[in-house]
Amino acid sequence: MLEAFLHFLDRKRGGVAVVTVAALLASCYFAARLEILDSPERWMPSTTLAAWDVFAEHFDAGDTVGIGLNFKRPITEDDLPRLRALREQLRAIQGIQQVYDCSLVAEEIERVPLLELIDPANAKRFELYSGVLWDTPAAGETTRTLMTVGELIFYPGEDKKDPATLNTRRRHVAAEVARIVAAEKESGRWTHVDFHVASGIMMMGELEKRTRQVAWTFLPISLAVGLASFLWCFRSWRAVLVAVGGSAAAMLLVLGWLGAGGGTLGVVTMAAPTLIAIIGTAATVHFASHARPMDASAGASVHDRRFDDAHRRDLVKWVAVPCFGSAVTTGVGFLMLGFNELGPVRDLGQQVFAGAILAFFGVFVLSQWTPIRATAVRPWLSAARLSAFGRAVTARPGAVVAGSAVVFALLIFVAWPRPKDRALGVYVDADPFSFFSNDQPIKIALNHFSARKFAVFQLDVIMVPRAQGRPPAGLEPPDKQYLENLEAADKFSRAVMAREDLGVIRVLSTISFDRRYVEILRQVYEGMTGAAPTGTANGAGPGQASGGEPAEGRLTTLAGLSPKATAATMLASTFRAWKVDKKNEGALRFTFVAHDSASGFGPLVDYVRSQLPSDRFDCHLAGSVQGNVDLTGGLTRSMVDALGAALAVMLVVCSVLFRSLKLALIALVPSVLPILTVFALMGVTKMPLSSGSAMVSTIALGIALTDTIHFLTRYRERTRVSGHAPREAVLETIVISGRPIILTSLVHTAGFLIFLTTDFLPLFHFGFLSSVAMLAAMVSTLVVLPCLLLVLDRPRGVVATA
């Protein structure tokens, strides 16, 4: 059926040309609409996004940008005006809602000198801000880091309703922050002070910058690889035209489809055109290998150069059909990325799946319009040498199969998952900031913040009470239900903080900010009356007082008569993201600041879930810690699911192509070797399983199977149709199919090596590991597969050979 369809396309070349041109023109129109976008939401797992939506319903959860000032000299009171000036510049940026730093806290909230505020001796007194606005130096540490935090204007649901406006505002703020920081560095006002800037929107800018770099780097190099491959291997300009034209048509159709659907391009999805070019080039290798060999001395074909009907039929049967099967298995390998938790990776899989199929049809149609009539044969891939190689490989097939089994076992042992601190084994690293190498400014900033124990990794817990109770209002006290809810929530917080082994540094919460708010009001009241207010107790929660008196309401009423009460108001407005539930349902927010450990954040999240007061609250976990845990589990789970699904689909495809379940099962065995090789290499080098390396497994399986399909198609015809013995069929297949298999493997390897030109680590790892997988696939197809066939395949009705 497939063969008949391809013959139909060959006969209707005029109609196909009209449809193709129309589709390309439409694609040009829609592709022009594409824009580059790598917003933070695209890099969140779907489960984390759902929790984040609940979070945003109750609290302001907008973007923030952090500017760290690392003082390599003693901080003085003279630095206070400079800090204030920097804060005011940032506050003037259109799109910034508010900015807070230690100058704001010192001058407008706590009303104390700067040095008193950040003095480690006062850490307990001002612990609410430590780790957020300044660090706590270790013993003997002479440098300090102060943090200035800007919050962007936040509109709930804007990322879904009007993402264009949101992302325009993000880009503007990021550009203005970078401009201000650059100007401050050049001003000479900050001697012996280093600036570090990091945030989700700054990461968005870095990703979009790398998207443009990828576009201007990968595509030209991929075209150069195709040009060099065909001129060096085949000395055929027609082959170059078919490869470039077919791949370009497929790329344009995919980009047009993406533009028509309102899609965007990111640093990962920008790799799709390059991958499509690689697939198209590899398909053209098989078409060029089928062309008649050229006489090097005469410059003409050894045979008649006419591209007759018989040659067209052979081309469809022996090249086009297995190439289509190869395109399907390659596309399925990419399509299985749909199991991935990250949106950009899923998008890449869909685009390359469509691109792989379209690249095949592009190459097939162009090869009919512009036939590759004759190509050169390089001496190192001559039939004699391939025949000698085949005889050497198949001399002891049983030994090769046994040795391969031992190699498989060793690879599994090395690749077996183990903790990060073990010498061997694969581990998962789902930290989105690991996208960047350690020499990149954003990674330097994040490493510095993490070393200083700032709030780089946060676990936000949102508790919505099932029965809210009556909060304090004016002189009216809260009811019992309200106080019991607060006590249960506070007990939960204390239980988490008591577990020092979980890596939690500190907690910021609605309760802690309310307590500080009440404490400031108490101090104001004491300043007015000279005595502590009755009914208040240190450490009471919001609205809670000893003796059941209305502490917060009474203090607010009395202290509001003093101008100094504005300090409490400033505290409440500055940190309203923890204090104010926008839905007025009494929701509480707890932000646990943690540092990464060798065991990851899984134990922390598991313990937090076990301690949640779920009998009183509907609880939701969000933040970078939860996202990391979701992505860590999602990477492993999605990879296993994708591999299982890919193996099942490819087994069906191979069974249909070979009309033999036995050959289909045999085909899968050598295709697993590249995957094991990749994981073993990761286990030895301690390269983590990340968003980039996790893509390799199913893709390597799909591409590795393409060579196997071409090999087994030829082998099946020789044994099942022509009746040749397996050994004779294997040797003949190596001679005929060995050349295109080697060349396509080298093309794939060279194509994936293009990704080593980027400093975006997921693509770098993807390119490196995929290149290794392609070489392993070539060895597996030409060494392991022939021996497996000689050992396991016993076709009936073969012709005896001498």
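Could you compute Rg(Cα) / (2.2 N^0.38 Å) for the range 16-65, with N its residue count? List each step's numbers first, then the result.
Working: Rg = 19.7 Å, N = 50, 2.2 N^0.38 = 9.7 Å.
Against the empirical 2.2 N^0.38 Å value, I get 2.02 for the range 16-65.
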(request) Give me the angle, in degrees from 0 to 90, between the Cα long axis of helix 46-58 and the longest principal axis of the Cα atoms of the chain, rounded to the nearest 10. (result) 20
(message) Under 8 Å for C-alpha pairs, at least 6 residues apart: give me the relative contact order for the chain, rounded to a whole percent.
(response) 18
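Rank these residues by their accessible area, most exposed first, probe 1.4 Å: Ser573, Ser780.
Working: Ser573 55, Ser780 0 Å².
Reading off the accessible areas and sorting them downward yields Ser573, Ser780.
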(request) Post the alpha-carbon centroid distance, the range 128-154 to the range 185-209, in whole angstrom. (result) 16
(request) Note the angle between two axes, namely the Cα long axis of helix 272-289 and the longest principal axis of the Cα atoms of the chain, as a number of degrees from 0 to 90, rounded to the nearest 10. (result) 10
(message) Over the Cα atoms of the range 89-165, what radius of gyration and what Dmax do you get, in Å?
(response) 16.3, 51
(request) Using 0.36 nm per residue of separation minus the Cα-Cα distance, give me the extension gain between Ala260 and Glu116 in nm, one decimal. (result) 45.9 nm
(message) Suppose the Debye formula is applied to equal point scatterers at every Cα of the range 83-223; what is log10 I(q)/I(0) at q = 0.13, 0.15, 0.16, 0.20 Å⁻¹?
(response) -0.73, -0.90, -0.98, -1.26
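In Å², what does the accessible area per residue of the range 339-444 work out to with a 1.4 Å probe? Present the calculation step by step, with values, prior to reporting the outcome.
Numbers: 4810 Å² over 106 residues.
For the range 339-444, the solvent-accessible area averages 45 Å² per residue.
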(request) Order Asp194, Asp78, Asp581, most accessible first, counting only protein heavy atoms with a 1.4 angstrom probe. (result) Asp78, Asp194, Asp581
(message) Accessible area per residue for the range 649-705 in Å², computed with a 1.4 Å probe and the full protein assembly in place, what is it?
(response) 27
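Can you give me the orientation-averaged projected area of the convex hull built on the Cα atoms of the range 571-632, in nm²? List each step's numbers first, then the result.
Details: hull surface 21.9 nm².
Mean projected area for the range 571-632: 5.5 nm², to one decimal.
How would Met778, Met147 line up by accessible area, probe 1.4 Å, largest first?
Numbers: Met778 35, Met147 15 Å².
My answer, sorted largest first, is Met778, Met147.
Please label the shape of the range 1-144 as rounded, prolate or oblate, based on the square roots a ≥ b ≥ c of the eigenvalues of the alpha-carbon gyration tensor (a/c under 1.5 means rounded; beyond that, a/b larger than b/c means prolate, else oblate).
Numbers: a/c = 3.68, a/b = 3.33, b/c = 1.11.
The shape class here is prolate.
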(request) Please calculate the 1.4 Å probe accessible area of Met639, with all protein chains present, and give it to the nearest 10 Å². (result) 30
(request) Report the local net charge at Val393: Lys and Arg +1, Asp and Glu -1, summed over other residues whose C-beta lies under 13 Å from its C-beta. (result) +4
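In the neighborhood of Ile736, defined by Cβ-to-Cβ distances under 10 Å, what is the net charge if each Lys or Arg adds +1 and each Asp or Glu adds -1? Don't skip to the answer; put the middle values down first.
Working: positive: Arg714, Arg718, Arg739; negative: Glu732.
Taking every other residue near Ile736 into account, the sum is +2.
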(message) Using 10 Å bins from zero, what percent of all Cα-Cα pairs in the range 175-236 falls into each bin?
(response) 17, 26, 21, 15, 12, 8, 1
(request) For the chain, with all protein chains present and a 1.4 Å probe, just round the carbon and sulfur fraction of the accessible area to a whole percent. (result) 60
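Quick check: convex hull of the Cα atoms in the range 695-802, volume per residue, rounded to a whole Å³?
Working: hull volume 8.8 nm³, N = 108.
Spread over its residues, the Cα hull of the range 695-802 gives 81 Å³ apiece.
What FRET efficiency do you get for Arg84 and Val18 if R0 is 56 Å and r is their Cβ-Cβ distance, rounded to the nearest 0.05? Working shown, then result.
Working: r = 69 Å, r/R0 = 1.24.
The pair Arg84/Val18 has a calculated efficiency of 0.20.
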(message) Not counting ligands, DNA or RNA, and with a 1.4 Å probe, what is Arg42's accessible surface area in Å² rounded to the nearest 10?
(response) 50
(message) Below 25 Å, Cα to Cα, which lysines can Lys582 reach? Residues fewer than 8 away in the same chain don't count.
(response) Lys160, Lys161, Lys480, Lys491
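Using 27 Å as the Cα-Cα cut-off, could you pick out the over-long pairs in Lys72/Lys579; Lys209/Lys443; Lys124/Lys185? Please list the in-between numbers first.
On the way: Lys72/Lys579 35 Å; Lys209/Lys443 15 Å; Lys124/Lys185 33 Å.
Exceeds cut-off: Lys72/Lys579; Lys124/Lys185.
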(message) To test your reading of the geometry: what angle, between 0 and 90 degrees and rounded to tens, separates the Cα axis of helix 200-233 from the longest principal axis of the chain?
(response) 10
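The values are calculated or read from the model by the stated rules, or taken from the named source; none is laboratory data. As the structure is a prediction and not an experimental result, all values here were calculated from the model. Because the Cβ atoms are built from the backbone with ideal geometry, glycine has one as well, and the counts that use them run over all protein chains shown. Only protein heavy atoms, including side chains, enter the accessible area calculation; ligands, DNA and RNA are left aside. Shrake-Rupley method; radii C 1.70, N 1.55, O 1.52, S 1.80 Å.
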